[in-house]
Amino acid sequence: MVKEITENALKSAFGGESQACMRYTIYAKKAKDEGFPNVSRLFTAIAFSETIHASNHYRCIKSKGPALVTSGGLFGAKTTSENLQVGIDGETFEVNEMYPAYKAIAQLQGEKEAEISFNWALESEKVHAPLYQRAKKSVDENKDVQLGTIYVCEVCGYTVEGTVPDVCPICKAPKGKFKAF
């Protein structure tokens, strides 16, 4: 049985990542409709990464009870520029506050599986805000962002643009475990 505070952190992270996936999926359609196909592809790739994070957290949850889910997500699809800012703000919160705290809780409680799940999410989230910032700069100039192929590790959610690594730098999964966008 996972200790209660770690379990609550897992449930909250699962909820937050699930909501992020859905928001980014909605934002991808909005970007496509506004004439930003590469921004749409970026939102789609990062939505996939968030699904992996949510799935990893879910696998660590052992209880069947309910959970209060805390999420900083904003609602209502706005312009693509505004949606990118929501993404930047959410990813920054996860990297600077949420995942370091959740990882520390899991470490303190000796919950190794949860600690790994939180660490994988934390490390892979560090790439998302800079990608969104780059896209926002282009969109604010009324241009689509120039992006190479985006690869997402199907094990931990690590996201990289350009060349797929031979081995995931976070979870050590082989090159074949990356999905291209």
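Worth a mention:
- The charge dipole of the chain, taken about the Cα centre with unit charges on the Cβ atoms of Lys, Arg (+1) and Asp, Glu (-1), comes to about 400 debye, rounded to the nearest 20.
- Other residues lying with their Cβ under 12 Å from the Cβ of Ile26 contribute a combined charge of +4, Lys and Arg counting +1, Asp and Glu -1.
- Each residue of region 4-13 is assigned a 3J(HN,Hα), and the resulting list reads 4, 5, 4, 4, 5, 5, 4, 5, 5, 5 Hz, derived from the Karplus form 6.51 cos²θ - 1.76 cosθ + 1.60 (θ = phi - 60°), x at Gly and Pro.
- Rounded to whole numbers, the Karplus 3J(HN,Hα) couplings from phi for region 95-107 are 6, 8, 10, 4, 5, x, 5, 5, 5, 5, 4, 4, 4 Hz, using 6.51 cos²θ - 1.76 cosθ + 1.60 with θ = phi - 60°, and x at Gly and Pro.
- Taking Lys and Arg as +1 and Asp and Glu as -1, the other residues whose beta-carbon sits under 14 Å from that of Asp89 total -2.
- Under 23 Å from Lys78, Cα to Cα: lysines that are on another chain or at least 8 residues apart: Lys29, Lys30, Lys32, Lys136, Lys137, Lys143
- Seen from Lys172, the other residues with C-beta closer than 15 Å to its C-beta sum to a net charge of -1, counting Lys and Arg as +1 and Asp and Glu as -1.
- Remark: region 161-169, residue by residue, has Karplus-estimated 3J(HN,Hα) of 9, x, 10, 6, x, 5, 9, 4, x Hz, where x stands for each Gly or Pro and the curve is 6.51 cos²θ - 1.76 cosθ + 1.60 at θ = phi - 60°.
- Backbone N under 14 Å from the Thr79 label point (7 Å along Cα→Cβ), restricted to region 26-60: 31, 34-36
- Pair Lys175, Ile5: separation of 7 Å Cα→Cβ label points (nm): 4.4
- Peptide ranges 118-130, 18-30 listed from the most packed, as the mean C-beta count within 10 angstrom indicates: 118-130, 18-30
- Between amide H atoms placed 1.01 Å from N, distances below 5 Å from Val164 occur with no residue 5 or more places distant or on a separate chain.
- Two-decimal ratio, the chain, of alpha-carbon radius of gyration to 2.2 N^0.38 Å: 1.02
Read the figures in this text as sums done on the coordinates, not as results from a lab. Keep in mind the model is a prediction, meaning the values are calculated, not measured. Glycine also receives a Cβ, built like all others from the backbone with ideal geometry; neighbour counts cover every protein chain displayed.
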